[in-house]
1. Quickly estimate the mean residue ellipticity at 222 nm for the chain, helices only: each DSSP H run with n ≥ 4 gives -39500 (n - 2.57), and the total goes over all residues, rounded to 500.
2. Which ³J(HN,Hα) values in Hz, rounded to whole numbers, follow from the phi angles of region 60-71 under the Karplus curve 6.51 cos²θ - 1.76 cosθ + 1.60, where θ = phi - 60° and Gly and Pro get x?
3. Please report, in whole Å, how far the alpha carbons of the chain spread along each principal axis, starting with the longest.
4. Translational D (Stokes-Einstein, µm²/s) of region 259-369 at 25 °C and 0.890 mPa s when Rh comes from the Kirkwood sum over C-alpha pairs?
5. With the crude spin-label approximation of a point 7 Å out along Cα→Cβ, what separation in nm comes out for residue 331 versus residue 163?
6. Any of 261/281; 140/196; 207/376; 233/397; 261/397 with alpha carbons more than 22 Å apart? Name them for me.
7. Tabulate in residue order the Karplus-calculated ³J(HN,Hα) for region 184-190, using 6.51 cos²θ - 1.76 cosθ + 1.60 with θ = phi - 60°, rounded to whole Hz; enter x for Gly and Pro.
8. Could you calculate the contour length gain from residue 203 to residue 124, that is, 0.36 nm times the residue separation minus the distance between their Cα atoms, to one decimal place in nm?
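A short reminder: the numbers here are calculations on the coordinates, not readings from a lab. All values reported here derive from a predicted model rather than from experimental measurement. Counting neighbours? That spans all protein chains shown, and the Cβs are built from the backbone with ideal geometry, glycine included.
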Amino acid sequence: MKLVLNRTRRAAAALAGALTLALLTGCDAGALDVITGKQRAPEETIRITPEDGAKDVRTDGEVEVRLPSGRLERVEVRQIEGGRPVDIPGTVSEDGLRWTPDDGVRLELAAKYSVDVVALDARARRTARHTTFTTYVPEKRFIGYLKPENRSTVGTGMIVSFSFNRAVEDRAAVERAIRVTAVPPVEVVGHWFGGKRLDFRPRAYWKPGTKVTVDMRLRDVEATPGVYGIQQKKISFTVGRSQSSRVDASEHTMEVRRDGKPVATVPITAGAPKTTTYNGKMVVTEMYDVTRMNGATVGFGGEYDIKDVPHAMRLTTSGTFLHGNYWAPADTFGAANVSHGCVGLRDEQGGSPDAPAGWFFDRTLVGDVVEVVNSKDRQVAPDNGLGGWNLGWKEWKEGSALR
């Protein structure tokens with residue numbers, strides 16, 4: 001079926017709460033440039049306090065974004081994975097080099113925060129950084145960080161996922177204290193991936209229009225001897241229209257289906273023979289208009305570092321994306337697999353709504369399923385991103401502590 005492009009764009013990135021430009025690398029400030037091997041110039045460094053991945057941050061502790069030179073273009077500090085995202089108000093200094101929270105602003109106890117920064121360096125080149133940190137959880141207490149966001153609209157493949165700050169020993173007690181219900185009704189079952197992650201899903205994809213409620217009654221629940229929960233709240237989300245996509249790595253195509261009917265077949269490029277793409281069902285968990293992709297963060301050393309990848313949609317925690325590609329020749333798409341494991345759609349530098357990548361991005365929700373077939377790789381692990389749909393219903397239920 002011929003792909004028909006539409007110029008009308010919606011703010012798809014807002015569905016994931018993402019910035020227009022986000023940095024998805026694990027490079028530390030002052031690290032080596034993965035292409036040249038030279039030390040990065042200090043003016044390229046975005047310095048964020050607390051450091052990325054910091055835990056037990058004090059609620060009155062310092063939060064700061066600083067540049068040695070250049071100008072801060074955008075700073076967003078947000079409480080995430082607590083049900084409802086909350087923005088932290090702040091101010092950029094007159095010289096454009098420092099951001100701090102407004103007077104009187106305090107962080108919440110036992111909360112997770114993201115920091116997203118877009119800046120111009122001394123040479124007017126745009127750069128960005130994304131970090132997260134968590135605040136102090138009182139001793140002998142535990143908390144669960146939750147996806148998706150409260151009041152969000154998601155795709156039919158969305159899985160409710162909890163990650164806990166401490167390992168849970170009494171999994172039955174914790175799972176029993178979390179109720180996931182749907183209207184219209186459907187059986188929803190939990191599945192543990194180790195002691196710190198609990199996912200919930202129905203037997204099959206949610207029906208469009210379903211209203212889902214997650215009731216957390218974790219307060220005073222004993223997860224481990226002497227360690228008790230502190231959460232008591234409800235969040236809800238709505239399932240949007242049905243859309244799923246099937247990537248055939250051998251045919252170099254992606255078929256997009258709405259409500260079970262084919263909408264378009266799009267030419268793609270998948271993983272090259274030495275860097276193949278996972279097979280299996282993957283769920284879109286994050287969306288970025290533009291992002292940076294650095295091979296050093298996913299085990300590819302200095303093979304690539306692209307600072308402006310357009311229309312990027314995360315499929316796995318380990319780094320698989322479906323994204324726009326402007327650097328490969330146009331005749332690559334539909335004919336050859338050349339990526340480092342991602343799925344690429346033709347695009348233009350800066351991202352075009354008229355290109356296949358822009359067309360698909362504008363019609364995608366967090367929670368949509370992308371299935372890859374006929375790749376010469378193994379099936380994606382069920383705990384890599386929201387890969388739980390790769391388990392059969394019997395196997396999924398066996399992972400519940402209540403069975």
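1. The helix contribution divided over the chain gives -1000 deg cm²/dmol.
2. So the Karplus estimates, Gly and Pro as x, are 9, x, 6, 10, 8, 10, 9, 10, x, 6, x, 7 Hz.
3. Sorted largest first, the three principal extents are 59, 54, 38 Å.
4. Result for D is 174 µm²/s.
5. 4.4 nm
6. Among 261/281; 140/196; 207/376; 233/397; 261/397, the Cα-Cα distance tops 22 Å for 207/376; 233/397; 261/397.
7. For region 184-190, the Karplus curve yields x, x, 7, 5, 10, 10, x Hz.
8. Stretched fully, the residue 203-residue 124 segment lengthens by 23.3 nm.
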